[in-house]
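> Have a look at this one.
A short reminder: the numbers here are calculations on the coordinates, not readings from a lab. All values reported here derive from a predicted model rather than from experimental measurement. Please note: Cβ atoms are built from the backbone with ideal geometry, for glycine as well, and neighbour counts cover all protein chains shown.
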Amino acid sequence: MAYAELEEVVGHAIIDRDFCADLLNGSRARALSRFNLSPEEKQALMNIRAESLESFAGQLAGWIDTQLQPAAYQWSA
């Protein structure tokens, strides 16, 4: 799974103060509507609780890391 769209969200927040403010307040759903996010990505972004862009990006990076973990090896008998 590629996360280019998630990177675009964070990048846009870095350069657009109004967009960043919308990510961190009650306008997140509206702010994210312009991006082509999967349902899982959108849910992950909506679940973040942060008061700064640094915290937002850190929580998002943590979510991405969990998505990249290989599935547990399944022993067959």
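> Could you work out how far the C-alpha centroid of segment 1-36 sits from that of segment 40-65, in angstrom?
First find each Cα centre; the distance between them is then 11 Å.
> Say each of residue 15 and residue 43 gets a label point 7 Å from the Cα, pointing the same way as Cα to Cβ; how far apart are those two points in nm?
Each label point lies 7 Å from its Cα, and together they span 3.2 nm.
> Go through (1) 39, 21, 20; (2) 45, 27, 23; (3) 56, 23, 20 and flag the label whose value is the computed Cα extents along the principal axes in Å for this structure.
(3)
> Per DSSP H run of n ≥ 4, the term is -39500 (n - 2.57); total these for the chain, divide by its residue number, and report the mean residue ellipticity at 222 nm rounded to 500 deg cm²/dmol.
My calculation for the chain gives -19000 deg cm²/dmol from helical runs alone.
> Given the Cα-Cα distance of residue 27 and residue 65 and 0.36 nm per residue of separation, how much length would full extension add, in nm?
Gain on stretching residue 27 to residue 65: 11.1 nm.
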